[in-house]
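Report on the structure given below.
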Amino acid sequence: MERTQYSNRRQAVYQTGRAVSRSEYIYGNVVPDVKRELEEAPRKKLSAATRKNREKAKHMNLPYVLFLVLAMGMAIVMLVGYIQANAAVVNSVENIASLESRYLNLKADNDEEYNRIVNSIDLDEVKRIAQEELGMHYATEGQIITYTDEMSDYVRQYSDID
């Protein structure tokens, strides 16, 4: 009986086009067979033009199939090319990161060696050797000549000044 009530309401929806109120509750464990009811529902008659268009849409001729195969082939070639280009970019980025890491290590080693050398030089000892052993001395007032040349970045000396 419960199934009949649901079927009657469902049939009322088909016939009237209005939905049955949702406040009505169907008691029991009967699951409505909606699929069968929809299949049994009256179908609209299709026009000849509609049927003809649907048949054309279903029909695939040889040139269309060849076009689809060619389009699929081109898509596959482009996809493979894209994946290869992407892999090349990833490899380049990894190579650049490796080279940057190596550069930073070499720079750190170079700075460390430079600081070690600079710290190991005793400037007082260099001054003593230059003055006592090599005979060097500071320039006197008359030996210093100052040039002002605003046109270029350097000064050329054309003759020795004694």
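The values are calculated or read from the model by the stated rules, or taken from the named source; none is laboratory data. Predicted model, so just to flag it, every value in this text is computed and none were measured. So basically every Cβ, Gly included, is an ideal-geometry build from the backbone, and we count neighbours across all protein chains shown. Heads up: the accessible areas ignore ligands, DNA and RNA and are worked out on the full protein's heavy atoms, side chains in. Shrake-Rupley method; radii C 1.70, N 1.55, O 1.52, S 1.80 Å.
One table, with the values for the structure above:
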| item | result |
| --- | --- |
| Residues of the stretch 115-137 that turn out to be open to solvent by less than 100 Å² (accessible area, probe 1.4 Å) and in a helix (DSSP H, G or I), as a count | 11 |
| One residue from THR140, THR148 being open to solvent by less than 90 Å² (accessible area, probe 1.4 Å) and not aromatic (Phe, Trp, Tyr) | THR140 |
| Qualifying positions in the stretch 45-64 - outside any helix (DSSP H, G or I) and of a type outside the set (D, E, K, R) | LEU46, SER47, HIS59, MET60, ASN61 |
| Pick from the stretch 94-111, criterion open to solvent by 100 Å² or more (accessible area, probe 1.4 Å) and acidic (Asp, Glu), ranking: farthest from the chain's Cα centre (by Cα) | GLU100 |
| Among (1) at pLDDT below 60; (2) under 38 Å from the mean Cα position of the chain (by Cα); (3) polar (S, T, N, Q), the one test that ASN91 misses | (1) |
| Filtered residue count, the stretch 23-50, keeping only those that are surrounded by 10 or more Cβ atoms within 10 Å (Cβ to Cβ) and at pLDDT 80 or above | 1 |
